[in-house]
Amino acid sequence: MVGQRVVVRRLLRGETGPTGGPAFTDLLGTCLSWADGACVVQPEAGEPVRIAVADIVSGKPVPPRPATRLRVSARDAEARTGRLWPSVDRQSLGEWELRADRAPVGPLRKRANSCLAMGDPGRPVAEALAAVAAFYAARGRDPLAQVEADSDVESAIAGAGWRRLEYGESAFWLGSVARLRRALPSSSAAPAVELAVDGSRAVASVDAGCDPVAEAQAAVDGDWVGLHGVTVDPAHRRRGLATAVVGELLAWAAEQGAMTAWLHVETDNPGGQAFWQARGFAPHHTCRYYAPGTLA
């Protein structure tokens, strides 16, 4: 057990428990040593604690504590996505956020044109959904809500009669910028990547003639960087181009102080999930979309 994260229940000698019997307490930390009749545990805060083996009632190893980035809430993680679309108007509805792109290019993106329905809207859900519908009606758009899969909010929205869309479900993936960069394969034949930077956003591309055959976008928000729009021309796939443009963006993001990278991958895209998992990303939560049941 030495070197492992453990939880130890121990007897508190000379103290009485709430039922009048012996008192016990639990200690969570890393086992530093087990020798000479004592166990030494380093808690997450404070000095190491020496426990006589005779006072140990029970103990067991526990999984390592998740990295800080994995402990962030789905609401806080999704709030980071806004940097990708600076033209999105935002309006708070309690902890929910109404979003509408005032200058969309091409089809409306669901993430930029839906209510981020995570957390407490500060009013009954039915009233909140009415406000969502009014917000998008005023802009001539269909109302849409983005929810965390299997959350209480999802259950409440479904219970209010909104229906789940059969497409667009996506997983939010996270990774350490430093680890991702170390995991990227190196090659002497790596393609030349062009990087265009506009403030906190950047586009990396590999050109072949007039048009890029590979491209990816990134946006830095504090010490986080979001990756988006990774595309490779079908005729140029399996040549390491996606890895090349992603690597260029991660290098740029690291220079800006980014430590955590995030992206969305649709759950019906196993190839994309395998690509990102192989590069060190891990899933954090899954998002679904809901619309009023009266929509066709």
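Read-outs throughout are calculated quantities, based only on the coordinates presented, and are distinct from any laboratory measurement. Values in this document were obtained by computation on a predicted structure and should not be read as measured data. When we count neighbours, we look across all protein chains shown, and the Cβ atoms used for this are built from the backbone with ideal geometry, even at glycine.
General observations
- The range 1-40 versus the range 154-171: alpha-carbon centroid distance in Å: 46 Å
- Ordering 90-96, 268-274 by mean Cβ neighbour count within 10 Å, with the highest value first, yields 90-96, 268-274.
- A simple packing score, the average count of other Cβ atoms within 10 Å per residue, orders the peptides 36-43, 175-182, 144-151, 246-253 as 246-253, 144-151, 175-182, 36-43, with the highest score first.
- Counting only DSSP beta bridges with both residues in the range 54-186, the antiparallel share comes to about 80 percent.
- Only Cα pairs under 8 Å and 6+ residues apart enter the sum, and on that basis the relative contact order of the range 173-284 stands at 35 percent.
- Most simply put, the chain has about 95% antiparallel DSSP beta bridges, counting only bridges with both residues inside it.
- Rounded to whole Hz, the Karplus (6.51, -1.76, 1.60) HN-Hα couplings of the range 19-25, x for glycine and proline: 9, x, x, x, 9, 10, 8
- Set against the labelled values [x] 0.93; [y] 1.06; [z] 1.10, Rg/Rh (Cα atoms, Kirkwood Rh) computed from this structure falls on [z].
- Counting only DSSP H runs of at least 4 residues, each contributing -39500 (n - 2.57), and dividing by the residue count of the chain, the helix-based mean residue ellipticity at 222 nm comes to -5500 deg cm²/dmol.
- Charged-residue dipole, Cβ positions (Lys, Arg, Asp, Glu), the chain about Cα centre, Debye nearest 20: 380 debye
- The stretch between E169 and S200, if pulled fully straight at 0.36 nm per residue, gains 8.4 nm over its current Cα-Cα span.
- FRET efficiency for the pair R109 and D152, taken as 1/(1 + (r/R0)^6) with r the Cβ-Cβ distance and R0 = 30 Å, rounds to 0.70.
- Segment F275-E95, extension gain: residue separation times 0.36 nm, minus the distance between their alpha carbons: 61.5 nm
- Relative contact order of the chain, defined on C-alpha pairs under 8 angstrom at six or more residues apart (%): 16 percent
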